[in-house]
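Structure, as structure tokens:
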Amino acid sequence: MHIFIPQDLKELFEIKNKNPDALIIAGGTDLMAQFHNIKKFPENIISISHLKDLSFIKEQNSFIEIGALTTHNAITSSKIVNKYIPVLSYAASTIGAPAIRNMGTIGGNIANASPAADLPPPLLCLDASLILTSSTSSRELKLYEFYRGYKNTALKSDEIIFSIKIPIPSSEEYIDFYKIGTRKAQSIAKLSLAGLIKKSKKGIETVRLAAGSVAPIPLRLFEVEKHLAQKMLTRSTISNSCDILIRYLKPITDVRSTEEYRKTALKNLLIKFLTKVSSI
Amino acid sequence: MIKRRWKINSKIQTVEFSEDSRLLDVLRERLDLIGTKEGCGEGECGACSVLIDNVLKLSCLILAATLPDNTEIMTIEGIENTTLGKKIQKAFIEANAVQCGFCTPGMIMATYYLLKNFKNPDNKTIRTALSGNLCRCTGYRMIFDAVRIASGRK
Amino acid sequence: MYIGKDIDRIDGWEKVTGKTRFVADHRMPGMLFGLTIRSPISKGRLKNIYFDNRFDFSQVVIVTAKDIKGSNFIHIIKDDMPCLVSDRINYLGEPVALIAAKSPAIAYEASRHIKVETIEETPLLGIEEIVKTYKREPDSLTYFYQPTINKGNLKEGFDEASYIVESEFYTGFQEHLYLEPQGVLAYQKNGKFFILGSLQCPYYVRPAVAKVLGISEEDTIIIQAPTGGAFGGKEDFPSLLAAHAALLSQKSGKPVMIVYDREEDISFTTKRHPSYVHHKAGVMKDGRILALDSTILFDAGAYTTLSPVVLSRGTLHSCSVYSIPNVRIVAKAVMSNIPPPGAFRGFGAPQTIFAMESFIDTIAHRLKLNPYDIRKKNLLREGSQMAFGQVLKEGVAAEKCLDRVVAISGFNKKYESYKKQGKKKESDVLRGIGISTILHGGSFTGSGEQVLKSRAAIELHPDGIVEILVANTEMGQGMITTFCQIVAEKLGIPIEMVRCPLPDTSVVPNSGPTVASRTTMIVGRILLLCCDELLKKIRDKYGDEVKIEKGIVYLQKSRRRLSFKEVASALNKSGRVYIEMPYDFPPDQVWDEENYRGTAYPVYSWGAIAIEIEVNKYTLDVTPINLWTVYEIGKAINRKAAIGQLEGGSIQALGYGLLERCELKDGKFYQNKLQTYIIPTSEDIPEIKTEILEVPYSRGPFGAKGIGELPHNGVAPALRNAVLNALGLEINEIPITPEKKSASLKNRGLL
């Protein structure tokens, strides 16, 4: 096993271009555990957690930009995040436990592409984009376009996630995030649901919903959103949207929960969210 | 082999280790700092908690090579030499927050990190601060008491 | 001076400073690291062990069954568990070969080049499968043990009863999850074999290792290393692990350490036995139970190990704290193809008490009675006769505990109000409250202590230090401190003058295993007998009556004052002052194993639990809010250590009832890592209030009874009863996960 420790982004790309198979490791909270479980390290590892250029939280006009190596704890304690997108701060606070939150990063949480990751559902609702950078170029990609399949993403082998851009929600947009873990702390989501809704007198103006641990990827619930768009939040709208949700979702039974429970509880959480919104 | 100069428990030391060494391995095998424990190796139990540049981290999830020269590392062995650390250790004994003692070093590191950052943590803050440190003996309540005693709140 | 006080743990400072050296913290020159190669199938035969020559096996030491010089069986109750597979395979993960290498990495690399080739047969897996088979063809199963209890006339009892209530209960596996994984270090010195290990019972490990190595017990020396939690998990399993390390050391001539990785530990070491209990009761209108017909099945795994005694204790506790005139209990430990489950805090009682304490609430629920009232109608009291004929003579405190816990929790009012919450309530959560009342027999079952013939010793050194010599082990419970308190109090000397080192079988007598809530009660008593003997020696030496206070010896008639040290020095002039005494087994404790009748335990500890919960209406997640426990333990020698045991046990039991899912999937434990086997964290526990009641036991040291296992018996059923209160749902299987509640609600059309 060989470990590369680039001093800056330029060196990182040089190493990456020479060793396209090298695995990039950020906070290590997930990958190091995986290596331990198989009792083996990959041939080449590039460690980047020390790269300060990738650790920042910036407020820029209509959006917040968060560097990929910003830790969960930095997000939870950031004044900017707490002011403009408290739901993200809350979601970050539900990850692992204090030491894990001091190590794990937002970029790692996204790139690892676990369906149970805690930050993607709220980020999907917030319509976040990723800035993906290579040695020669940079592109912006919507987060919902990033996930291709189980542990499979649109990240090219010469690219890294540089930052996450999150549009600042307006005060009329109601946002919430629910996580059902295996226990109260240090837990991985059995299920999570994030929602964002803006209502007007005519009905729902904006709606974005996303769920974790119910599909091979963190999932935007486009079909349910389509059904809710422009509608008034009546009992029958809510109940129909639940039917659509269940029709489109194929959660699995695994080590943490069952298909049956995930369906039932997700439906219940959607009812809870929509009922809350309807009463505002 | 990798060579690093770290400040470990306030003492500058040079250590050599292989590239695949975790910080936990280096502490235990190279420096005989055996107070840092391995309870799972996957970041779930907290028994390997240490402070790196004053931040609580898990030494089983860190490749030692990634820590540059001049990194400050504090382990349970360094805690006794600090006023706050000693106070916490005494409080753990007074409150009977120790049984088998295997989680204790990690638990004390988490408490030290908490009390460094919060002078008077409320019960909820204490519970959250210790939530990454599993204890199977005590049922936790007596550990909360220890933290309260150490923070000067009875 | 010391009894009943909050005495700081004697091993505390070592532990809070990280200086305590557990097994894994030891290194010896030339030491190798051991690894186990395991069977990939649950049942069948071993065809071949294939070594892929792309790996250079000359750099490692390999041990297979062929290398065993002694017997290839691990001595526990019956010698039927192989040390290494030689032919038949009976569970997935059964040890087939052992590797030792200079580093764990080399051992793992070697293991990747070894293939265990087998012929597979159809295994029997899971308690559900066992129950299905039992109901269809009971004779097709293999039983390790099958006790039966009969009392009164069952038919008459059922005939007289107004109602028949029937229910089935299941409990799952539970992993001990001691924070320190299993580990031993085996080495040789001066022709003897040494085992330094994380273990509970050095005198269990000694014969097991000696038999496998083919050497004498005297040449096999077992030393306990500081032990990072055990809970029964280090009672029987270390015998197998120590034999493995010893075999590698025997073949290599080098010290060999085996420390299990957490995943290996969860996957292949013992667990609490899964159970099935069927209860059928004949009940009067007022709630009095006239007849009880019970069937108990424990999944006992591939080999006998401790299952007969676990089932025995489970069976004897299966009526919980109730006096029932007509009883039949049929119990069976069923062989299957899983790693043998073993000892775990409570030793069978948590399973059967879960069933009974849940069943009593089921009866209350179906007959529309209050859970407190129905308990009061049926409680054991002084003079009551238990199902196996034992008449309770002293200190029956079930009612005291129950009344107290109901008072401090406000049970009755809350229970009635939560029952009426209904589904329409605005809040996101529903509340519930549940109770349970429990007992636990102290020390070995029946004539076990008579067979054990435990001996403990003290030695008075010339410098006045009194050393306690016992085979019992400190694993976190506080034994060292408790024993030092007992001896210091009895001798009238400062506790600083008493030492209790960890056991080494070449030094200490066999005071028996550290199990069965027996340590303080039985071994503590022997220590008192030793102290009496020492005091007699002092009296004889000076030909005077003596009184010792704070280390000053007062010779009463001659009105002299001596320091304890002076006395010690004087006594040592005529040779070593070593006093060893046996346990004085109570003559009136008679047990008839054949008919399963008599005094099962010399005395019982009692308890009552109330737990208040919130159930989230959307997720069915249960949040425990308050836990009230009242435990009657005779006398708390060390108050805070006792509370530490009681609370720790209560929370372990909460995990058992609420969180700790461990399922079999194709013969393997599905939740086999800390990431998936979920135990309570600091954020999962309720507010806890623990009260101790003390009704001194006439034969206990300063009145003390057993305490360690008691708190594991009651929390799970109380939790289950709280869910019944909150949702009106009888869930008869633990852990009670939201998945189970969801399925039950769905079956009743509530979701």
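Odds and ends about this structure:
- Calculated on alpha-carbon atoms, Rg and Dmax of the protein assembly as shown in Å: 30.8, 105
- Residue mean of other protein chain beta carbons inside 10 Å, A:41-54: 2
- Whole-number Å³ per residue for the convex hull built on Cα positions in the range B:30-109: 100
- Under Karplus coefficients 6.51, -1.76 and 1.60, residue-wise ³J(HN,Hα) of the range A:201-206 in Hz, glycine/proline x: 5, 7, x, 6, 8, 10
- Of the residues B:LEU33, B:LEU58, B:LEU130, the one that moves most in a GNM of chain B with alpha-carbon contacts below 10 Å is B:LEU33.
- Only Lys, Arg (+1) and Asp, Glu (-1) charged, at Cβ; the protein assembly as shown dipole about Cα centre in debye: 2340
- For chain A, the mean residue ellipticity at 222 nm estimated from helices alone is -9500 deg cm²/dmol, where every DSSP H run of n ≥ 4 contributes -39500 (n - 2.57) and the total is divided by all residues, rounded to the nearest 500.
- Among the listed pairs B:LYS37/C:LYS189; C:LYS151/C:LYS740; A:LYS190/B:LYS7; B:LYS37/C:LYS254, those whose Cα-Cα separation exceeds 31 Å are C:LYS151/C:LYS740; A:LYS190/B:LYS7.
- Partner aspartates and glutamates whose Cα lies under 15 Å from the Cα of A:LYS198, excluding those fewer than 8 positions away in the same chain, are identified as A:ASP127, A:GLU172, A:GLU173, A:ASP176, A:GLU225.
- Per-residue extension of 0.36 nm, minus the Cα-Cα distance of C:GLU166 and C:LYS192, leaves a gain of 3.5 nm for this segment.
- Enclosing the Cα atoms of chain C in their convex hull gives a volume equal to 166 cubic angstrom per residue.
- With helices as the sole contributors, chain C gives -8500 deg cm²/dmol at 222 nm; each DSSP H run of n ≥ 4 counts as -39500 (n - 2.57), and the sum is divided by every residue.
- Tilt relative to chain B, helix B:141-150 - C-alpha long axis, 0 to 90 degrees, to 10: 80
- 20 Å Cα-Cα reach of A:LYS165 towards lysines, excluding residues that sit fewer than 8 places from it in its own chain: A:LYS52, A:LYS58, A:LYS79, A:LYS83, A:LYS142, A:LYS156
- Calculated FRET efficiency for the pair A:THR253/C:LEU367, C-beta based, R₀ 51 Å, to 0.05: 0.85
- The range A:151-280: translational diffusion in µm²/s, Stokes-Einstein, Kirkwood Rh over Cα pairs, 4 °C, 1.567 mPa s: 81
- In this structure the amide hydrogen of C:SER563, modeled in the peptide plane, comes within under 5 Å of the amide hydrogens of C:VAL553, none closer than 5 places in sequence on its chain.
- Order by protection proxy (mean Cβ within 10 Å, highest first), peptides C:65-74, C:554-563, C:260-269, C:515-524: C:515-524, C:260-269, C:65-74, C:554-563
- For residues of C:7-13, the mean tally of beta carbons on other chains within 10 Å: 5
- Chain A, Cα convex hull volume normalised per residue, Å³: 126
- Pairs exceeding a 26 Å alpha-carbon distance, out of C:LYS155/C:LYS741; B:LYS57/B:LYS116; A:LYS263/C:LYS419; C:LYS332/C:LYS741: C:LYS155/C:LYS741; A:LYS263/C:LYS419; C:LYS332/C:LYS741.
- Shielding value for C:611-619 is 4, the average number of Cβ atoms from other chains within 10 Å of each residue's Cβ.
- Given charges at Cβ of Lys, Arg, Asp, Glu: chain A dipole, positive-most of A:ILE217, A:SER135, A:ILE3: A:ILE217
- A Gaussian network model of chain B, with springs between Cα atoms under 10 Å, assigns the largest mean-square fluctuation among B:THR36, B:THR14, B:THR83 to B:THR83.
- Unit charges at the beta carbon, dipole of chain C: most positive-side option, C:GLY214, C:VAL330, C:PRO513: C:PRO513
- Lys pairs under 15 Å by Cα in the range C:482-575, provided they are eight or more residues apart or on distinct chains: 15
- You can think of it this way: the chain between C:SER574 and C:LYS557 has 3.7 nm of extra reach, that is 0.36 nm per residue less the Cα-Cα gap.
- In the range C:26-143, lysine pairs closer than 21 Å at Cα, eight or more apart or cross-chain: 8
- Residue-by-residue Karplus 3J(HN,Hα) for the range C:256-262, coefficients 6.51, -1.76, 1.60, Hz, glycine and proline x: 10, 10, 10, 10, 6, 5, 4
- Here the Karplus curve 6.51 cos²θ - 1.76 cosθ + 1.60, taken at θ = phi - 60°, turns the phi angles of the range B:117-127 into couplings of 9, 10, 6, 10, x, 7, 4, 5, 4, 5, 4 Hz, with x standing for Gly and Pro.
- Degrees, to the nearest 10: B:83-94 long Cα axis against longest axis of chain B: 50
Bear in mind that the values in this text are calculations on the coordinates, not laboratory data. What you see is a predicted model, and the numbers here were worked out from it, not measured in a lab. Ideal geometry is used to build each Cβ from the backbone, glycine not excepted, and the neighbour counts take in all protein chains shown.
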